[in-house]
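Working notes, structure below.
The values are calculated or read from the model by the stated rules, or taken from the named source; none is laboratory data. Remember, predicted model here, so these are calculated numbers, not experimental data. Cβ placement follows ideal geometry from the backbone for every residue including glycine, while neighbour counts extend to all protein chains displayed.
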Amino acid sequence: MQQALEDRGLPLVARPFPAGTRTAEDAAAAIGCLVAQIAKSIVFRAASSGRPVLVIAAGHNRVDETKVAALLGEEIKRADAAFVREKTGFAIGGVAPVGHLVEPVTYLDRDLQSHGEIWAAAGTPNTVFRLTPEQLKSLTGADFVAVAG
């Protein structure tokens, strides 16, 4: 994951938190930030094509699957742990925004833009890295859209 950040030219560094950062709430508690500042990665499977779909949402938001399906133009389903590992190379709870085995279709929750700094998973359930919403957009090449329900 660190290599994926370096390849994109951003000097962002993953930080370990022994208490764990598997959930947005855990991460916020470990870091000492708002849950809304956690950029949680949720992986879906496109129903027809089988493509991985990554939604990076503000930690306090619930993703509206109908909105994501409308953006994609295809129904989506929650991905199971095996699909997540196979397509991203990461375990649930540690899915980073970049460095995936199969490049996902990615959407960014527009609510992340209301914070000067946010925190994203860095490839394991106990590592995260700090970045700005604009750096997240630059890293992923994705747009900020309405995904919260």
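Given the condition hydroxyl-bearing (Ser, Thr, Tyr) and farther than 23 Å from residue 144 by Cβ, answer yes or no: does some residue in segment 85-107 qualify? No; the residues of segment 85-107 include none that is hydroxyl-bearing (Ser, Thr, Tyr) and farther than 23 Å from residue 144 by Cβ.
Determine whether residue 102 is at pLDDT 90 or above, surrounded by fewer than 16 Cβ atoms within 10 Å (Cβ to Cβ), in contact with a Pro (Cβ under 7 Å, 6 or more places away or on another chain) and hydrophobic (A, V, I, L, M, F, W, C).
Values: at pLDDT 90 or above: yes; surrounded by fewer than 16 Cβ atoms within 10 Å (Cβ to Cβ): yes; in contact with a Pro (Cβ under 7 Å, 6 or more places away or on another chain): yes; hydrophobic (A, V, I, L, M, F, W, C): yes.
So residue 102 fits the description; yes.
If you go through segment 16-50 and keep only what is in a strand (DSSP E or B), surrounded by 15 or more Cβ atoms within 10 Å (Cβ to Cβ) and not polar (S, T, N, Q), you end up with 38, 39, 40, 42, 43, 44, 45, 46. Go through (1) assigned to a helix (DSSP H, G or I); (2) surrounded by 14 or more Cβ atoms within 10 Å (Cβ to Cβ); (3) modelled with pLDDT of 95 or more; (4) charged (D, E, K, R) for residue 86 and report which single condition fails. The number of the failed condition is (2).
Has segment 41-59 got any residue that is at pLDDT 95 or above, within 17 Å of residue 12 (Cβ to Cβ) and aliphatic (A, V, I, L, M)? I'd like the intermediate steps shown before the answer.
Going residue by residue through segment 41-59, those that are at pLDDT 95 or above are 41-59.
Now restrict to residues that are within 17 Å of residue 12 (Cβ to Cβ): 41, 56.
Those still in the list that are aliphatic (A, V, I, L, M) too: 56.
There is at least one residue in segment 41-59 that is at pLDDT 95 or above, within 17 Å of residue 12 (Cβ to Cβ) and aliphatic (A, V, I, L, M).
Report, ordered by the first and then the second residue, all pairs with beta carbons closer than 8 Å, sequence separation of six or more or different chains, a first member in segment 98-111 that is aromatic (Phe, Trp, Tyr), and a second member that is surrounded by 20 or more Cβ atoms within 10 Å (Cβ to Cβ). Listed pairs, sorted by first residue: 107/53; 107/54; 107/55; 107/56; 107/68; 107/147. Restricting attention to segment 60-70, does a residue exist that is over 15 Å from residue 110 (Cβ atoms), acidic (Asp, Glu) and either assigned to a strand (DSSP E or B) or at pLDDT 95 or above (or both)? Yes, segment 60-70 contains a residue that is over 15 Å from residue 110 (Cβ atoms), acidic (Asp, Glu) and either assigned to a strand (DSSP E or B) or at pLDDT 95 or above (or both).
The set of residues in segment 4-26 being at pLDDT below 90, within 15 Å of residue 58 (Cα to Cα) and out of contact with any Pro (no Cβ under 6 Å at 6 or more places or on another chain) consists of 21, 23, 26.
Checking the conditions here, which among 94, 123, 116 is farther than 17 Å from residue 51 by Cα, of a type in the set (Gly, Ala, Ser) and either part of a helix (DSSP H, G or I) or at pLDDT 95 or above (or both)? So that I can check it myself, show each step before the final result.
Values: 94 fails: either part of a helix (DSSP H, G or I) or at pLDDT 95 or above (or both); 123 fails: either part of a helix (DSSP H, G or I) or at pLDDT 95 or above (or both).
One residue alone meets the criteria, 116.
For segment 97-113, the tally of residues that are part of a loop (DSSP other than H, G, I, E, B) and either under 16 Å from residue 72 (Cβ atoms) or among the hydroxyl-bearing types (Ser, Thr, Tyr) (or both) stands at 3. Screening residue 121 with (1) without any contact (Cβ under 8 Å) to a residue 24 or more places away in the chain; (2) small (Gly, Ala, Ser); (3) under 19 Å from residue 61 (Cβ atoms) gives one miss only, at (1).
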